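Enquirer: Handing you this structure, nothing more for now.
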Amino acid sequence: MPFSLSDLQYSHNGLEPIIGSETVRIHHTLHHQTYVNNLNNATNNTYSNSDLISVLQNPAEINNPAIRNNGGGHYNHALYWYILKPLASNSSSSTPTKVDPDTDTTISSLAVIQGLVSQFGSLKAVKEKMTEEGLKRFGSGWVWLCVDLNNQFSITTTPNQDNPIMKFPGEASNNNLRPIIGIDVWEHAYYLNYQNKRKDYLDEIWFLLNWQNIENIYQNSQTLPDELK
Ligand code: MN3
C-alpha cells in the first residue's frame, strides 16, 4: 500500500475555538493529502507509511526536491495532527476550558514533562522559546522541540517542509534529533483564525498539545507517530 493519509483522531471542529473547523478540514484533506499524493508520484508508489523515516534519512532520496518537500510535508503533518487534541470540556459549561500545562496535575508525572521542567525550569519557558523561534522563522516553516540521544531537549526551526530528521547529501550526521513537537507556522495553518498574527496562534496552540501522545513519542525509541505505523 502506498503512502496514505490517516484519519484524524478528532473531528474537523475538534480544535475549536483555537483552530477553526475550516482550517483543519482544508489543512488535512487538501494540503496534507496533496503532500501524500505528490510523494507517491515522486516515489512511483514504491513505499508505504512505515518507510517514511528511512526515506527522509536517505540522502539519495532527499536530493530529489519532490521527495524532500512532500516527504517532509507528510511526516511533519502526521506529527502535528498526532500531538494536538481537543480542549477538555468543562462539565459545568459548554465552553471548553484552556488548562495551563504548568498547573495541570494530570500530566505532571509524565517523563517528558519532568524532563522539560528539569532542563528549562517550566513549560512556560519552553513555550516562550518555541514562540520566539517560531516568530523568527521568516516565511514558511516549522518550529520543533526535539530530543537527542542523551535525552537533552532542543528547540529549532526549519524552512518549508524540512525537518530535523532529514539527512542531506554530504551531511555526516543529522545529530540524531528526534522531534517530539512540531508546530506548523505556514500561514495556511492559522490564517483564517489569526490572519497575520502568528504570535497569537503560537500562544493559543499551546493549549491544544496532547501531552500523552508527546510522551508516547518521547518514551518510544521510534520516531514515527502512531498514525504512520
Ligand atoms: Mn501545513
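Readers should treat all values here as calculations from the given coordinates under stated rules, not as data from a laboratory. The shown structure was predicted, so the numbers you read here are calculated from the model rather than taken from an experiment. Neighbour counts are summed over all protein chains in view; Cβ atoms, including those assigned to glycine, are modelled from backbone coordinates with ideal geometry.
Enquirer: Dimensions of the chain along principal axes (Cα, Å, largest first)?
Expert: Principal extents (Cα only, largest first): 53, 39, 33 Å.
Enquirer: Can you give the angle from 0 to 90° between the axis of helix 111-120 and the longest principal axis of the chain, with both taken from C-alpha atoms, to the nearest 10?
Expert: Relative to the chain, helix 111-120 is tipped by roughly 80 degrees.
Enquirer: Let me ask another. What does a probe at Asn58 reach in segment 126-168, counting residues whose amide N is under 19 Å from the point 7 Å along Cα→Cβ?
Expert: 162-168
Enquirer: I need the chymotrypsin sites (Phe, Trp or Tyr not before Pro) found in segment 52-151, filtered to DSSP loop residues with at most 16 other beta carbons within 10 Å of theirs.
Expert: Details: sites: Tyr75, Tyr80, Trp81, Tyr82, Phe120, Phe138, Trp142, Trp144; in loops: Phe138.
Here the chymotrypsin sites (Phe, Trp or Tyr not before Pro) that fit, given the DSSP loop and packing criteria, are Phe138.
Enquirer: Which value, in debye to the nearest 20, describes the size of the charge dipole of the chain about its Cα centre when Lys and Arg Cβ atoms bear +1, Asp and Glu Cβ atoms bear -1, and nothing else is charged?
Expert: Numbers: 15 positive and 22 negative charges, 43 e Å.
Around 200 debye, computed over the chain.
Enquirer: Using only Cα atoms, tell me the angle between helix 33-42 and the longest principal axis of the chain; keep it within 0 to 90° and round to the nearest 10.
Expert: That works out to roughly 20 degrees.
Enquirer: Run the helix sum for the chain: -39,500 (n - 2.57) per DSSP H stretch of 4+ residues, divided by residue count, reported at 222 nm to the nearest 500 deg cm²/dmol.
Expert: Numbers: 10 runs with 87 residues, N = 229.
Mean residue ellipticity, 222 nm, calculated: -10500 deg cm²/dmol.
Enquirer: Turning to a different aspect of this structure: Using a basic spin-label model with each label point 7 Å from the Cα along Cα→Cβ, how many nm lie between Gln152 and Thr105?
Expert: Here the modelled spin labels are 3.5 nm apart.
Enquirer: Mind checking the angle between helix 123-136 and the chain's longest principal axis? C-alpha axes, 0 to 90 degrees, to the nearest 10.
Expert: Rounded to the nearest ten degrees, it is 50.
Enquirer: Something else now. Less than 11 Å Cβ to Cβ from Asn175, Lys/Arg counted +1 and Asp/Glu -1: what total charge do the surrounding residues give? Write down the numbers at each step before the final one.
Expert: Working: positive: Lys167, Arg178; negative: Asp148, Glu171.
Overall, the nearby charge balance is 0.
Enquirer: Starting from the Cα of Gln119, step 7 Å along the direction of its Cβ; do the same at Asp51; then give the gap between the two resulting points in nm.
Expert: 3.2
Enquirer: Mind checking which of Trp144, Gly14, Ser48 is farthest towards the positive end of the chain's charge dipole, using Cβ charges of +1 (Lys, Arg) and -1 (Asp, Glu) about the Cα centre?
Expert: The residue sitting most towards the positive pole is Trp144.
Enquirer: In nm, to one decimal, how far is the modelled label at Gln195 from the one at Asp226, with both set 7 Å along Cα→Cβ?
Expert: The answer from the label model is 3.9 nm.
Enquirer: Would you work out which of Asn216, Asn163, Leu202 lies farthest towards the positive end of the dipole of the chain, given +1 charges on the beta-carbon of Lys and Arg and -1 on that of Asp and Glu, about the Cα centre?
Expert: Asn163
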